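Peer 1: This is the structure I have questions about; it appears just below.
The values are calculated or read from the model by the stated rules, or taken from the named source; none is laboratory data. Computed from a prediction, not measured in an experiment: that's the story for all the values here. Every residue, glycine as well, gets a Cβ built from its backbone with ideal geometry; the counts of neighbours run over all protein chains shown. Only protein heavy atoms, including side chains, enter the accessible area calculation; ligands, DNA and RNA are left aside. Shrake-Rupley method; radii C 1.70, N 1.55, O 1.52, S 1.80 Å.
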Amino acid sequence: MKITDAKVIVCSPGRNFVTLKLTTEDGAYGLGDATLNGRELAVATYLTEHVVPLLIGRDARRIEDIWQYLYKGAYWRRGPVTMAAISAVDTALWDIKAKTLGVPLYQLLGGASRDSVLVYGHASGADIEEAVKAVAHYVDLGYKAIRAQSGVPGLASTYGVGRGGMYYEPAEKNIPPENLWSSERYLDFVPQLFSRLRREFGPDLHLLHDAHHRLTPIEAARLGKELEPYHLFWLEDPSPAELQERFRLIRQHTTTPIAVGEVFNSVYDCQQLIQEQLIDYIRTTVVHAGGISHLRKIASLAEMYQVRTGSHGATDLSPACMAAALHFDLSVHNFGIQEYMRHAPETDRVFPHSYTFDQGHMYPGDSPGLGVDIDESLAAKFPYQRAYLPVNRKLDGTVHDW
Ligand code: CS2
Ligand code: MG
């Protein structure tokens, strides 16, 4: 089953997406998400100029061989651009294989391990009372797990407070917006947010929070400790994780569950965090961590240490990634939770899909393959527009983690 065509589709329905479409000699085709927020054209060019020429003529059935060929054959390994490209090829090949066999992808991953996939949504507000209202709205929608973010008194902006609506798109057109940050003000504030949310919603609602890489380990330890009375489902990215051993200090001080990994692109980025049990959830996802094939390997390592999956699922990951993630989530034994930050209506129109949401859970659907498609003529009506994620600075102007 030879690959005869490989098309890189860049479009911007609601936000920029990069999609790889592989077609075989008998007309079967598969999709893979290759979107890297703020660096989309880097991946599109890597695919077009360096990967596509190597795919034409290859046997689409040889998923693992092609993965290793693209990983080891490049010599220059890992990194977000290379791995997003490999992820897209891998996902498209799994899509083709499942379509060709006439089964939903999860059947090829070992079948369903559960009846549905628990997801969490993003509630945010400019202040605590707005955040409470937003959480209440998500409860009304049936969510059983909700991430809560709020504006911080004294800061003009912070991470995770959306511009309204059901999704949060942080990238902005043209040059990167600059935000000002104060860890001190944030640390003084966040426990008040969750104290208020627990008073309002009681103990059963799963509450999550994303610190978005902004704290030092001891600051993160303080926050984890102060949030313990509120029993969060997880505290996400409390500190930058390039140096994985930093998390030892956090772990010494708090039992608040920790989730890390959305920016990781290989098992090597999280191997120490998992083996030293410094985290409770691994956030790696299909589009950024080597596709279905490599994500399964990360999950297998995590399973040995009772670390559960909690894959990233933000608006800047396309429905092609969301669909693949749901098939993976339905099957993987050590599943924890799936992020589901909804897409803009125009995104859903360009990427028709079979996954559904109901009462806080999702279902990938049983159509063959991933259950997602791309309307290329409609996609062409939404041309790419350069956009950047914000840059963060401390109040004194020092560049900080965004
Ligand atoms: C966030 C992301 O969803 C999350 O947990 O960390 O929204 C992240 O900010 C974006 O994916 C960056 O593009
Ligand atoms: Mg995050």
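Peer 1: Name the long-range amide H neighbours of E262: under 5 Å, sequence gap of 5 or more, or other chain; modelled H, no Pro or chain starts.
Peer 2: HN-HN under 5 Å from E262: R283.
Peer 1: Using only DSSP helix segments of four residues or longer, with each worth -39500 (n - 2.57), what per-residue ellipticity at 222 nm results for the chain after dividing by its residue count and rounding to 500?
Peer 2: -10000 deg cm²/dmol
Peer 1: Something else about it: Using protein chains only and a probe of 1.4 angstrom, how many square angstrom of M304 are accessible, to the nearest 10?
Peer 2: Around 140 Å² of this residue is reachable by solvent.
Peer 1: Treating the angle as unsigned and between 0 and 90°, give the value, to the nearest 10°, between the Cα long axis of helix 128-140 and the longest Cα principal axis of the chain.
Peer 2: 50 degrees
Peer 1: Quantify, in whole percent, the carbon and sulfur part of the accessible surface of the stretch 131-211 (1.4 Å probe; protein heavy atoms only).
Peer 2: For the stretch 131-211, the apolar C and S fraction of the accessible surface comes to 53 percent.
Peer 1: Sticking with this one: With angles folded into 0 to 90 degrees, how steeply does helix 183-201 sit against the dominant principal axis of the chain? Use alpha carbons for both and round to 10.
Peer 2: Approximately 90 degrees, to the nearest 10.
Peer 1: Continuing with the same structure: Specify which residue in the list V119, T24, V139 is farthest towards the positive end of the charge dipole of the chain, using unit charges on the beta carbon of Lys, Arg (+1) and Asp, Glu (-1), about the Cα centre.
Peer 2: So the residue we want is T24.
Peer 1: Using a 1.4 Å probe on the protein chains only, how many percent of the accessible area of the stretch 3-104 belongs to carbon and sulfur?
Peer 2: Using a 1.4 Å probe with all protein chains present, the stretch 3-104 comes out at 55 percent carbon and sulfur.
Peer 1: Express the accessible area of the chain per residue in Å², computed with a 1.4 Å probe while the remaining protein chains stay in the model.
Peer 2: I get 39 Å² per residue for the chain.
Peer 1: In terms of the Cα gyration tensor, with a ≥ b ≥ c the square roots of its eigenvalues, is the stretch 161-288 rounded because a/c is under 1.5, prolate because a/b exceeds b/c, or oblate?
Peer 2: rounded
Peer 1: Another question, if that's okay. How many angstrom separate the Cα center of the stretch 78-113 from the Cα center of the stretch 300-374?
Peer 2: 12 Å
Peer 1: Further question on the same structure: Under unit Cβ charges (Lys, Arg +1; Asp, Glu -1), what dipole magnitude, rounded to 20 debye, does the chain have relative to its Cα centre?
Peer 2: 460 debye
Peer 1: While we're here: Around P153, with a cut-off of 15 angstrom between Cβ atoms, what is the net charge of the other residues, counting Lys and Arg +1 and Asp and Glu -1?
Peer 2: Residues near P153 contribute -3 overall.
Peer 1: Among P345, G290, G38, whose Cα projects farthest towards the positive end of the dipole of the chain, with charges put on the beta-carbon of Lys, Arg (+1) and Asp, Glu (-1)?
Peer 2: Toward the positive end, the furthest listed residue is G290.
Peer 1: I would also like to ask the following. Tell me the carbon and sulfur percent of the accessible area for the stretch 299-341, rounded to whole percent, probe radius 1.4 Å.
Peer 2: Using a 1.4 Å probe with all protein chains present, the stretch 299-341 comes out at 45 percent carbon and sulfur.
Peer 1: How about the stretch 93-145: which trypsin sites (Lys or Arg not before Pro) there are in a DSSP loop, with at most 14 other Cβ atoms within 10 Å of their Cβ?
Peer 2: For trypsin sites (Lys or Arg not before Pro) across the stretch 93-145 that sit outside H, G, I, E and B with at most 14 neighbouring Cβ atoms in 10 Å, the list reads R114.
Peer 1: Quick check on my link table: of K21/K97; K21/K381; K21/K99; K7/K72; K7/K173, which ones sit more than 21 Å apart, alpha carbon to alpha carbon?
Peer 2: Pairs exceeding 21 Å: K7/K72; K7/K173.
Peer 1: For V399 and L301 in the same chain, what is the full-extension length gain: residue separation times 0.36 nm, less their Cα-Cα distance, in nm?
Peer 2: 31.8 nm
Peer 1: Next question. Using the Cα gyration tensor of the stretch 3-104, with a ≥ b ≥ c the square roots of its eigenvalues, what is the shape: rounded (a/c below 1.5), prolate (a/b larger than b/c) or oblate (neither)?
Peer 2: Because a/c hits 1.5 or more and a/b fails to exceed b/c, the stretch 3-104 counts as oblate.
Peer 1: Here's another thing I want to ask about it. Per-residue accessible area for D140 at 1.4 Å probe radius, Å² rounded to 10?
Peer 2: Surface accessible to solvent at D140 totals approximately 130 Å².
Peer 1: Using +1 at the C-beta of Lys and Arg and -1 at the C-beta of Asp and Glu, which of T315, W67, L155 has the Cα lying farthest in the positive direction of the dipole of the chain?
Peer 2: Most positive-ward Cα: W67.
Peer 1: Put a dot 7 Å past each Cα toward the Cβ at A126 and A380; how far apart are the dots in nm?
Peer 2: So the label points at A380 and A126 sit 4.3 nm apart.
Peer 1: Defining a contact as two alpha carbons under 8 Å apart and six or more residues distant in sequence, what relative contact order in percent does the stretch 3-104 show?
Peer 2: Worked out over the stretch 3-104, it gives 32 percent.
Peer 1: Let me ask you something else. Rounded if a/c is under 1.5, else prolate if a/b is larger than b/c, else oblate: which is the chain, with a ≥ b ≥ c the root eigenvalues of its Cα gyration tensor?
Peer 2: Because a/c hits 1.5 or more and a/b exceeds b/c, the chain counts as prolate.
Peer 1: Let me ask something else. Tell me the angle of helix 319-331 to the major Cα principal axis of the chain, expressed in degrees between 0 and 90 and rounded to the nearest ten.
Peer 2: The angle comes out at about 80 degrees.
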